[in-house]
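These notes concern the structure reproduced below.
The values are calculated or read from the model by the stated rules, or taken from the named source; none is laboratory data. In this text, all values refer to a predicted model and were calculated from it rather than measured experimentally. As a convention, Cβ positions derive from the backbone with ideal geometry for all residues, glycine included, and neighbour counts pool all protein chains shown. Surface accessibility is based on the protein's heavy atoms, side chains included, excluding ligands, DNA and RNA. Shrake-Rupley method; radii C 1.70, N 1.55, O 1.52, S 1.80 Å.
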Amino acid sequence: MRWTRSLITTLRDDPQEAEIDSHKLMLRAAFIRKLSGGLYTFLPLGLRSLHKVERIVREEMDRAGALEILMPALQPADLWEQSGRLATMGPGMFKLKDRQERLMALGPTHEEVVTDLIAREVNSYRQLPCTVYQIQTKFRDEIRPRFGLMRAKEFIMKDAYSFDTSLEAADASYQAMYDAYVRIFRRCGLRTKPVEADTGDIGGKWSHEFMVMADAGEDGIVECAACAYAANQEKAERRSPAAPAILAASPPIQEIPTPGAHTIDQVAAAIKCAPAQLIKTLLYVADGKPVGALVPGDREVNEHKLKRALGCKRLELADEATIRKVTGAAVGFAGPVGLMSLPLYADAALQGATGRFAGANKDDTHVANVDLARDARVTEFLDLVVVCEGDACPRCDGSLRVVRGIEVGHVFKLGTKYSESFQAKCLNEKGQAELMVMGCYGIGVTRTLQAVIEQSRDANGIIWPVSVAPYTVALLLLDPKDAAVTATAEKLAGELEAIGIDVLLDDREERPGVKFKDADLIGIPFRVVAGAKSLAKGGVEVKARTSKDFQLVPAEQAAATIAGLVAAARQALA
Ligand code: ATP
Ligand code: MG
């Protein structure tokens, strides 16, 4: 491909709209352009890389035995009614009506459509196991679309769904997808870490996320310094500190005036205690009913854990009126003492807590000497906090640390959640109809592409792994008016193309410095310079994007030399 025919307009400066480096680089290197918030056009360079990622995904899905299908993005909302997700997906789902006033949705995911499909297509155990996949556009009305392709309103996902006759068979299908994911990300040149994950709105029993460790990541990842434990912070557990020895007799509860002290810090300052000595009491409404959550004052409630413990569909913080109604006090003065009719869920670290401070359920007042066992009725003690740096590992004696990550893929064991809704059954060997056991598996294809850049770049631009680079070789023709140089460059480009190495021939009438800068910015793995000077010295200059030095190679040997370098780079990712 000739640069002059290629629609590559690189940008010198960082675009205002971009916050993270990979997004800036995708714009500057002319991979994507913004249409509006969360909506992007792929330019030719971006689309070439995207197709390469898709190809790797396809090859590995096919290798794992999954069958490619293509389901409509536009779906009747009835299907979502049937699974009960029309309500739970809420405003995150794009909805519209057709001309018959029938409610439709733009698919944020495809469990409903695929389960309905397989329920009709499969009726015997002989047809199982069956895993189908598609690479297709998804729509999500994200609260905060940002970071370019990382969190878009419209994006490309590879989604796969497995159907099995038993839990054991489903485990094998899950493992096959897990292994395929490991290969896919490795072939894309991405270092990923599988972590235990919350099952969220999709529901189900067990799941792993494939994370790319990066400071720009939106997810917190908890990992143990000593063992292999790693989990999304939404799901991460900790070994709760041992319960403190219970005092023989706690002094009686005593009220302390704390006028105007609403936050933990304000209260701690007013009482002159450490935040950890306070019992933080938060009121929630779970499926319409109020509940209380108690955690040490210096910790945050993990709402995913609370939601799971309650088994509720909706959980939100109680509003001011509800708090006033339940506690009799303004926001900031709730406490466990005397809230006898309210179900209270407390973090395990509070079991046996004595001598604590808490809200008095009375305006501008807290209480001292709280003995939780004596003064409150806790429904359940459980691990309820957001895990922090330094917490104890739930699996070993190690301590936990928190890092940032980008979720590029997700594998779920779904069980029979959707097969129940759609009565997706098949006949077993005894001729009895049984629900199929499902799994679902997603890869954010467009997000993966950008994650590669987030992980592989330097001050000059992108550093593409050879497998997903838009072109493998940037051939810089420095003197396009010089017929001999042009002939050499064009011949080499032709030779490389003939052996399956794609070349971007920079034939612009530009200064060498501009061409060098652009080649680095776009991040093409190998750079070849053909100029009057280099030819006079005996050939063309060949250099990897990652190395400082070039080698001078006679023009007639250049194709073979480059082929060797490319083969080695490809091999390293195989
Ligand atoms: P997130 O937690 O980042 O919102 P998710 O858990 O909702 O993602 P899944 O339903 O697991 O996403 O979708 C599978 C994959 O699709 C994700 O692992 C991610 O790579 C990708 N993905 C999800 N939402 C978006 C988005 N808004 N833009 C781009 N990719 C996305
Ligand atoms: Mg996910």
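What is the distance in Å between the Cα centres of segment 108-173 and segment 491-521?
Result: 40 Å between the Cα centres.
Only Lys, Arg, Asp and Glu count, each charged at its Cβ (+1, +1, -1, -1), so figure out the dipole size of the chain about its Cα centre, rounded to 20 debye.
That gives a dipole near 640 debye.
Taking only C-alpha pairs under 8 Å that are 6+ residues apart, what is the relative contact order of the chain in percent?
Relative contact order of the chain: 17 percent.
Report the trypsin sites (Lys or Arg not before Pro) located in segment 533-574 that are in a DSSP loop and have at most 11 other Cβ atoms inside 10 Å of their Cβ, or state none.
Of the trypsin sites (Lys or Arg not before Pro), the ones in loops of segment 533-574 whose Cβ has at most 11 other Cβ atoms within 10 Å are 548.
What's the long-distance tail for segment 1-124, i.e. % of Cα pairs beyond 26 Å?
So the pairs more than 26 Å apart make up 49 percent of the total in segment 1-124.
How are the Cα pair distances of segment 298-432 distributed, in percent, across 5 Å bins from 0?
Percent of pairs per bin, in order: 2, 7, 11, 15, 17, 13, 9, 9, 8, 5, 2, 2, 1, 0.
Could you compute the FRET efficiency for residue 120 and residue 226, with r as their C-beta to C-beta distance and R0 at 60 Å, rounded to 0.05?
Once the sixth-power term is evaluated, E becomes 0.75.
Before rounding to the nearest 500, sum -39500 (n - 2.57) across all DSSP H runs of length at least 4 in the chain and divide by the residue total; then give [θ] at 222 nm in deg cm²/dmol. Each step should come with its number before you reach the end.
Details: 16 runs with 169 residues, N = 574.
Mean residue ellipticity, 222 nm, calculated: -9000 deg cm²/dmol.
Can you check what the net charge comes to around residue 173, using other residues whose Cβ is under 13 Å from the Cβ of residue 173 (Lys, Arg +1; Asp, Glu -1)?
With Lys, Arg at +1 and Asp, Glu at -1, the neighbours total -3.
Among the complete DSSP H segments of the chain, which ones combine at least 24 Å of alpha-carbon extent along their axis with a mean Kyte-Doolittle hydropathy of -1.0 or more?
Answer set is 44-63, 167-187, 555-573.
Can you list which of the trypsin sites (Lys or Arg not before Pro) found in segment 1-46 are DSSP loop residues with at most 10 other C-beta atoms within 10 Å?
12
For segment 42-110, compute Rh as the Kirkwood radius over C-alpha pairs and then the Stokes-Einstein diffusion coefficient at 37 °C and 0.692 mPa s; write the answer in µm²/s, rounded to an integer.
223
With Cβ to Cβ distances under 15 Å as the rule, what net charge do the other residues near residue 187 carry (K, R +1; D, E -1)?
Working: positive: 52, 55, 58, 63, 158, 183, 186, 191, 570; negative: 54, 59, 60, 62, 179.
Computed value for this residue: +4.
Provide Rg and Dmax in Å for segment 393-546, with only Cα atoms included in the calculation.
Calculated on Cα positions, Rg and Dmax stand at 26.1, 81 Å.
I'd like the accessible area for residue 68, computed on protein heavy atoms only with a 1.4 Å probe and all protein chains in place. Round to 10 Å², please.
Rounded to the nearest 10, that gives 80 Å².
Could you give the accessible area per residue of the chain, probe 1.4 Å, as a whole number in Å²?
I get 44 Å² per residue for the chain.
Between residue 4 and residue 325, how many nm apart are label points set 7 Å from Cα along the C-beta direction?
7.5
Translational diffusion coefficient, Stokes-Einstein: compute it for the chain using the Kirkwood radius over C-alpha pairs as Rh, at 37 °C and 0.692 mPa s, and state it as an integer in µm² s⁻¹.
The estimated diffusion coefficient comes to 120 µm²/s.
Please give the Cα centre distance for segment 376-448 versus segment 321-358, rounded to the nearest Å.
Taking the Cα centre of each part, segment 376-448 and segment 321-358 sit 30 Å apart.
Normalising by the residue count of segment 146-230, find the relative contact order in percent from Cα pairs under 8 Å and 6+ residues apart.
Working: 54 pairs, mean separation 14.1, N = 85.
After rounding, I find 17 percent.
Return the carbon/sulfur percentage of the accessible area of the chain, one whole number, probe 1.4 Å, all protein chains in place.
Numbers: 13260 of 25530 Å².
The value for the chain is 52 percent carbon and sulfur by accessible area.
Restricting to DSSP loop positions (anything but H, G, I, E, B) with no more than 10 other Cβ atoms inside 10 Å of their own Cβ, which GluC sites (Glu not before Pro) remain in segment 99-162? Display every interim value, and only then the final one.
Details: sites: 101, 111, 112, 121, 142, 154; in loops: 101, 142.
Of the GluC sites (Glu not before Pro), the ones in loops of segment 99-162 whose Cβ has at most 10 other Cβ atoms within 10 Å are 101.
Suppose the chain between residue 215 and residue 373 were pulled fully straight at 0.36 nm per residue; how much longer would it get relative to their current alpha carbon spacing?
Numbers: separation 158, 0.36 × 158 = 56.88 nm, distance 4.23 nm.
Going from the current span to full extension adds 52.7 nm.
Just want to confirm a number: the relative contact order over segment 350-402, from Cα pairs under 8 angstrom separated by 6+ residues, in percent.
Value for segment 350-402: 25 percent.
Just to be sure I follow the rule: in segment 304-426, considering lysines 8 or more places apart or on different chains, how many pairs have Cα atoms under 21 Å apart?
The number of close lysine pairs in segment 304-426 is 10.
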